[in-house]
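Data block below; observations after.
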Amino acid sequence: MDKIGVLGKNDAKTIGAHQVYGPSPGKAARVRLFYHGVSNANSTLAIKVGGVLVMQTGNLQNNHRQYSTDTKMRVDQNAVTDVDGSVAEKTVTPYGYDYWLAPLDMIEYIIGGADFQEMRFLVVGVEVDV
C-alpha cells in the first residue's frame with residue numbers, strides 16, 4: 001500500500017546516530033527533510049541520506065535553533081529569536097529539495113559534542129511499491 005505524509009520521525013536529542021526513515025524492502029520513496037532543534041554549547045549536527053553526508057555543522061552555540069526552511073537545510077538562530085512565521089527565515093518548513101530513496105536507504109541525523117536541548121526530525125513524502 002502506498003503512503004503519503006509523515007513517513008518517519010525521531011525526537012532523540014542525545015549524542016549519537018538516530019535513524020529517522022528508510023523504505024522497507026519492495027518500497028521506494030520521494031521525501032523531504034523537516035526538522036527543528038535547540039543546541040547546547042559545542043553540539044554538532046550532521047544529516048545523512050542513503051549514507052551520503054548532506055549537511056554538517058561545526059560546534060554550535062548554546063540555545064541556538066537549528067531548523068529547515070524551504071530554501072535552507074540549516075538555519076542557525078539564537079533561541080531568543082522567535083520562530084514566528086513572519087518571514088521565511090523564521091518559518092520552519094520542509095527543506096525544498098526532494099530526496100529519492102531506494103529500498104533500505106536510510107535517513108539519519110547525528111548529534112555530536114553535546115546533547116541537544118530539543119529535537120524533532122520528520123521525513124515527509126510519498127512511499128510507493130516498486
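What the table shows:
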item	result
Distance histogram in 10 Å bins (all Cα pairs of the chain, percent per bin)	14, 44, 31, 10, 1
Separation in nanometres of the label points that stand 7 Å from Cα toward Cβ, at residue 120 and residue 1	2.6
Qualifying lysines (Cα of each under 18 Å from Cα of residue 72; at least 8 residues distant if same chain)	48, 90
Neighbourhood net charge (15 Å Cβ-Cβ; Lys/Arg +1, Asp/Glu -1) for residue 130	-1
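Quick note: the coordinates plus some simple rules give every number you see, no bench work behind them. Treat the numbers as computed from the prediction; the structure is a model and nothing was measured. Cβ atoms come from the backbone with ideal geometry, glycine included; neighbour counts cover every protein chain shown.
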